[in-house]
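The structure under discussion appears below in the form of structure tokens.
None of the figures in this text is laboratory data; all of them are computed from the coordinates on show. Everything quoted here is computed from the prediction, not taken from an experiment. Neighbour counts are summed over all protein chains in view; Cβ atoms, including those assigned to glycine, are modelled from backbone coordinates with ideal geometry.
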Amino acid sequence: MNTKLKDAFNYEIKVAKKLYTKKHFTLCFKHLERAHIIAQKYTIPHTLSHWWMLKVGLKTANKKEIAGQCMRIVASLLFSRLWVPVGNTGGSNVSAIKPMPIPDDLKHILKG
């Protein structure tokens with residue numbers, strides 16, 4: 001992961017963690033989705049984004065999110081380096097194999 005990607009990922013995770021501690025779980029999850037988009041092709045940060053999504057699912061007692069993130073954690077460990085659906089936000093509210101549009105402000109970070 002290059003410096004630009006690492007910095008962007010770390011920023012999104014840092015903001016998400018801060019929101020998590022303040023129990024602002026909806027906004028926290030939005031930042032985790034952004035972290036997921038950035039980190040999809042890198043096994044450890046990709047898995048970390050799903051781990052934090054699981055934690056939000058547990059705190060909010062969202063059974064669908066909990067089940068979905070457990071499966072996605074395993075998949076991220078197995079497939080991150082092989083294939084990822086570009087732009088996918090990683091939450092269980094979307095198909096795990098569906099490519100999605102990349103937010104405009106992240107396109108320049110992911111270019112190349």
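Find which of A67, L27, H50 sits farthest along the positive direction of the dipole of the range 1-85, computed with +1 on the beta-carbon of Lys and Arg, -1 on that of Asp and Glu, about the Cα centre.
The residue sitting most towards the positive pole is L27.
In deg cm²/dmol and to the nearest 500, what is the mean residue ellipticity at 222 nm of the chain if only DSSP H runs of at least 4 residues count, each as -39500 (n - 2.57), divided by the residue total?
Calculated from helices alone, the mean residue ellipticity at 222 nm is -22000 deg cm²/dmol.
Any chance you could run the full-extension gain for T43 through N93? It's 0.36 nm times the residue separation minus the Cα-Cα distance, nm to one decimal.
15.9 nm
Too long at a 18 Å Cα-Cα cut-off: which of K14/K107; K4/K107; K41/K111; K55/K111; K4/K30; K41/K98?
Over 18 Å Cα-Cα: K14/K107; K55/K111; K4/K30.
Express the relative contact order of the chain as a whole percentage, based on alpha carbon pairs under 8 Å and six or more residues apart in sequence.
Reported as a whole number, the value is 24 percent.
Can you tell me the length gained on complete extension of the stretch T3 to L77, counting 0.36 nm per residue apart and subtracting the Cα distance?
Difference between extended and current length: 24.4 nm.
Dividing the convex hull volume of the alpha carbon atoms of the chain by its residue count, what do you get in Å³ per residue?
87 Å³
Stretch K64-N10 to full length: gain in nm at 0.36 nm per residue minus the Cα-Cα span?
Going from the current span to full extension adds 16.8 nm.
As an exercise, identify the chymotrypsin sites (Phe, Trp or Tyr not before Pro) in the range 6-106 lying in DSSP coil whose Cβ has no more than 16 other Cβ atoms within 10 Å.
Of the chymotrypsin sites (Phe, Trp or Tyr not before Pro), the ones in loops of the range 6-106 whose Cβ has at most 16 other Cβ atoms within 10 Å are W83.
Placing +1 at every Lys and Arg Cβ and -1 at every Asp and Glu Cβ, with all other atoms neutral, what dipole size does the chain have around its Cα centre, in debye to the nearest 20?
Here the chain has a charge dipole of around 260 debye.
Give me the base-10 log of I(q)/I(0) for the range 59-109 at each q in 0.20, 0.24 Å⁻¹, Debye formula, one uniform scatterer per Cα, rounded to two decimals.
So the normalised log intensities are -0.77, -0.96.
For every other residue with a beta carbon closer than 9 angstrom to the beta carbon of G57, add +1 if it is Lys or Arg and -1 if Asp or Glu, then tell me the sum.
Result for the neighbourhood of G57: +3.
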